[in-house]
Amino acid sequence: MILVIGLEQIIDFKNVEERGNTMVSPPDNSEAMIATLGVEPQVVTIALDFLLHQGKKINEVTVLYTNHPAIREALAILEEEFKPAVYPGISFHAKVISTAHGPVKDFQSEEELRGLLRTLY
């Protein structure tokens, strides 16, 4: 799943745990990309490259992921891709999907799916 929205509509995930949901001000109509991460991190970068080629002004990418070993490996690869030399001016954030019982390893229950919705909203 990949979602591109204007920054006036995105939750600043960096501050969710510390101060509750805070909204970010949109600088110059920039957009954010939110993607779920699977075992193939190139899906995220291919989508980002396509959107940038289409003229989208993306300056923030947030990846939602489960706490599965294969997904964590994909996340490590993706974090390397988002070094400033590769995507200058685009900040990268990763947010693990969690429930009240901790990080979700895989979606096997309704509670784990609700964790995804809580992470998104």
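The values are calculated or read from the model by the stated rules, or taken from the named source; none is laboratory data. Only a predicted model underlies this, so the values are computations on that prediction, with no experimental measurement involved. Reconstructed Cβ throughout: ideal geometry from the backbone, glycine too, with neighbour counts over all protein chains shown.
Might you let me know whether segment 103-118 holds any residue that is assigned to a helix (DSSP H, G or I), exposed (fewer than 13 other Cβ atoms within 10 Å of the Cβ) and of a type in the set (A, V, I, L, M, F, W, C)?
Checked segment 103-118: at least one residue is assigned to a helix (DSSP H, G or I), exposed (fewer than 13 other Cβ atoms within 10 Å of the Cβ) and of a type in the set (A, V, I, L, M, F, W, C).
Being of a type outside the set (A, V, I, L, M, F, W, C) and at pLDDT 90 or above is the filter here; which residues of segment 90-121 pass it?
Ser91, His93, Lys95
So Ser109 passes all but one of these: (1) farther than 18 Å from Val44 by Cβ; (2) within 17 Å of the chain's Cα centre (by Cα). Which condition number does it fail?
Condition (2) is where Ser109 drops out.
Residue check: is Gly89 farther than 18 Å from Gly38 by Cα and without any contact (Cβ under 8 Å) to a residue 12 or more places away in the chain?
no
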